[in-house]
1. For helix 263-275, report the angle its Cα long axis makes with the longest principal axis of the Cα atoms of the chain; keep it between 0 and 90° and round to the nearest 10°.
2. Can I get the semi-axes of segment 108-167's equivalent ellipsoid? Compute them from the C-alpha gyration tensor as square roots of 5 times the eigenvalues, in angstrom, largest first.
3. What is the gain in length, in nm to one decimal, between Lys12 and Asp382 on full extension, counting 0.36 nm per residue of separation less the C-alpha to C-alpha distance?
4. With a 1.4 Å probe and every protein chain left in place, tell me how much accessible area His461 has, in Å² to the nearest 10.
5. What spacing in nm lies between the two simple spin-label points modelled at Glu307 and Val435, each 7 Å away from Cα in the Cβ direction?
6. If r is the Cβ-Cβ distance from Lys476 to Lys327 and R0 is 41 Å, what FRET efficiency results, to the nearest 0.05?
7. Provide the FRET efficiency to the nearest 0.05 for the Ala104-Val132 pair, computing r from the beta carbons and using R0 = 56 Å.
8. Give the average over all directions of the projected area of the C-alpha convex hull of the chain, one decimal, in nm².
Amino acid sequence: MTKIVNHWIGGKTAEGASGTHGPVTNPATGEVTTKVAFASVEEVDAAVAAAKDAYRSWSQTSLATRTSILFRFRALLDAHRDEIAELITAEHGKVHSDALGEVARGLEIVDLACGINVQLKGELSTQVASRVDVASIRQPLGVVAGITPFNFPAMVPMWMFPLAIACGNTFVLKPSEKDPSAAVRLAELMAEAGLPDGVLNVVHGDKLAVDRLLTHPDVKAVSFVGSTPIARYIHTTASANGKRVQALGGAKNHMLVLPDADLDAAADAVVSAAYGSAGERCMAISAVVAVGAIGDTLVEKIRERAEKIKIGPGDDPASEMGPLITKAHRDKVASYVENAAAEGAEVVLDGTGHTVDGYEDGHWIGISLLDKVPTSAKAYQDEIFGPVLCVLRTETYEEAVDLINASPYGNGTAIFTRDGGAARRFQLEVEAGMVGVNVPIPVPVGYHSFGGWKDSLFGDHHIYGNDGTHFYTRGKVVTTRWPDPADAPSGVDLGFPRNH
């Protein structure tokens, strides 16, 4: 019997009533293992109504109570991390170690939320005028929504809802319909931790559900992570409907390798950063810029390492890279490699014909490495979101930085060098929101915010960290004047001497 993933509304499972379902596939076998209920407008409205009703009491719940629930959730999440990783592997396809790493990164934001009392401290200025004090405080927004991608079905939701809930908001999550089970399990664990009904809700669906969240008058803010075209649409639509928006888009992350770099370390780093999670991550390194005469040596070192990567089903401990999420996505990724030579690139490794014995119907693609890629090639211009690495060549550092800065994306970037002065120049001159120095994937820890520049971010706030706290709260300034108790009306004795 096919498993059905239903909604989570008002603290309990809500069976889909729309009659519409989407398929969830095991990427390693190509088999449809699950159906996910797609929400109607009325079901989205029910989730928002449950969140709005819960907000009345949750926003007034003490910080001590909120954080105690989050501490219990953290303990449950830690205890169930293998279970959640297995759900991710079954529906996304990534290998178990990658799935465990995803849960661990989500735990970092739960840790941040557990300490929200420090983040929510206000400011106070006394005696700004005679007997006048001014205080700045931060308060929750109300019902907020999160729309999350398929590539990190547990981590990205945890970038959002723990912090939003800790700040006193209630939350409606619309996870990817391609791998929805992890999100529902997280909601169940929150309920087990003692979260009141309606504070966290999960609805599944497609554009209909998304559009209702973007236009619903009771949704005050929307967080999104996904591709740039959809991020732009989310930002435009939700903003037009009066909502606060943080919409993180796509990327084309460059790694600059200078002639003085440790090429073995650089090759190790780029192979992990380009091909880990099958390249299905917005912080993957998808373009290497080799400066000077090191290009041939670097490409050979990358090739030697890439050819050794073990590709197989994510539940096989020997596998280092799993399949892609869907057959359609696999075919799209392959098309970039198939057309690369005609666009002027040199195909060093072509993974488009890769299969895995016993799993012939899986969404498999092997490692692809393209060298001397012109900036006019589609393989360079587009976010491929698969295990395809482009290598570009420049003669100078200045030419390389100009090339990187010409990209419409500005999510993350890295430089590999032994020269501190060069690294310092790069981190100041490159136009990207996250920079790594001899670190290939510069994803910030939970207490620093994550976000890019240019077409990689729409909205004023990055996600999690201090920006996350500010996004999920709004400021209020209170100016207070109290009369001196010595000036109390005649006949009222407060015990203060009348000495002036």
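1. 70
2. Numbers: eigenvalues 244, 29, 10 Å².
Over the Cα atoms of segment 108-167, the ellipsoid semi-axes are 35, 12, 7 Å.
3. Working: separation 370, 0.36 × 370 = 133.20 nm, distance 4.13 nm.
Net length gain for the segment: 129.1 nm.
4. 50
5. 3.7
6. Working: r = 51 Å, r/R0 = 1.25.
Taking R0 as 41 Å, the efficiency between Lys476 and Lys327 is 0.20.
7. Values: r = 49 Å, r/R0 = 0.87.
So the FRET efficiency works out to roughly 0.70.
8. Details: hull surface 114.8 nm².
Answer in nm², one decimal: 28.7.
The values are calculated or read from the model by the stated rules, or taken from the named source; none is laboratory data. Note that the structure is predicted; figures quoted are calculated from it, not measured. FYI the Cβ positions are ideal-geometry reconstructions off the backbone, even for glycines, and counts take in every protein chain you see. What goes into the accessible areas is simple: the full protein's heavy atoms, side chains included, and nothing from ligands, DNA or RNA. Shrake-Rupley method; radii C 1.70, N 1.55, O 1.52, S 1.80 Å.
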